[in-house]
Structures are given as structure tokens and as C-alpha cells.
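The structure appears right after this line, and notes come after that.
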Amino acid sequence: MKNINKTTIERLVEFMEYKNLNDNKITSIAGLSVGLIGRARKNNSGLHSDTIEKILTSFPELNPTWLLTGKGNMLNKESEKNVINNNEENLIDDIFDTQRDILAFLKKNYTKKIF
């Protein structure tokens, strides 16, 4: 099904799945009423403009045009670049952390103690 045929709540659920968020997490992050997302999903109902505003403010990478109309990409172009850059930076940081851990282990277990 194309995104333009989906409702706003269905697109929001798609974004939530992409971000690995459940109803409670997005409610907490965006400062929404408890149960609001669950009720909207259950009833396949629309979201009020203040709810959408809170979601878009909390998740600036989410493309508002896509959320409301299904047109365009789910993520803003700049955010996509940032996600890629952040993932690369995180990978490099993880590699360095692993190298430090290995060096510390080797020093601890294989360094001869001089008396």
C-alpha cells in the first residue's frame, strides 16, 4: 500500500516501527496524553493538530509533509544524512572502545611485572 493511501496514524506507526518506538515511548517523548496513540491506532482515527505539532517538535527528523499526506520521504533529507553520519561516527567510536578494552585486557593479563 502506498503511503498516500494510509492515514496519518498509520504513517506515524510506520515511523514508530522505523525508530523502534512503542506507544508508551512516543507518548513519553512527545509529552502526549497516556493512551492517546493506542486509542488512535485502535480506532484508526486522526490526530489533533496539537498532537501532531508535539510529535514533529519531538522528532525533527520526521518529514511533516510525509506524515500528513504520505508524499515524499519519511525522513527529512538533512536528517537522513545526519543518521548516516551518526551511525558511521558511532561505529568508529565502538571500534575505538573495543580496541581500548582489548589493550587494557592484554596489559592486565600479559604484562610482566617488574620487581
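Every number here is computed from the coordinates shown, using simple stated rules; none is lab data. Note that the structure is a prediction, hence the values are computed from the model and not measured. All Cβ positions, glycine included, derive from the backbone under ideal geometry; neighbour counts span all protein chains shown.
Spin-label model, Asn43 to Thr65: label points 7 Å out along the Cα-to-beta-carbon direction sit 3.1 nm apart.
3J(HN,Hα) couplings calculated from phi for the range 41-57 with the Karplus curve 6.51 cos²θ - 1.76 cosθ + 1.60 (θ = phi - 60°) are, in sequence order, 5, 4, 8, 6, 9, x, 10, 5, 4, 5, 5, 4, 4, 5, 5, 5, 5 Hz; Gly and Pro show x. Taking a ≥ b ≥ c as the square roots of the eigenvalues of the alpha-carbon gyration tensor, the range 1-61 is classed rounded because a/c is under 1.5.
Remark on Leu75: its backbone amide H falls under 5 Å from those of Asn63, a criterion applied only to residues 5 or more positions apart or on other chains, H modelled at 1.01 Å from N.
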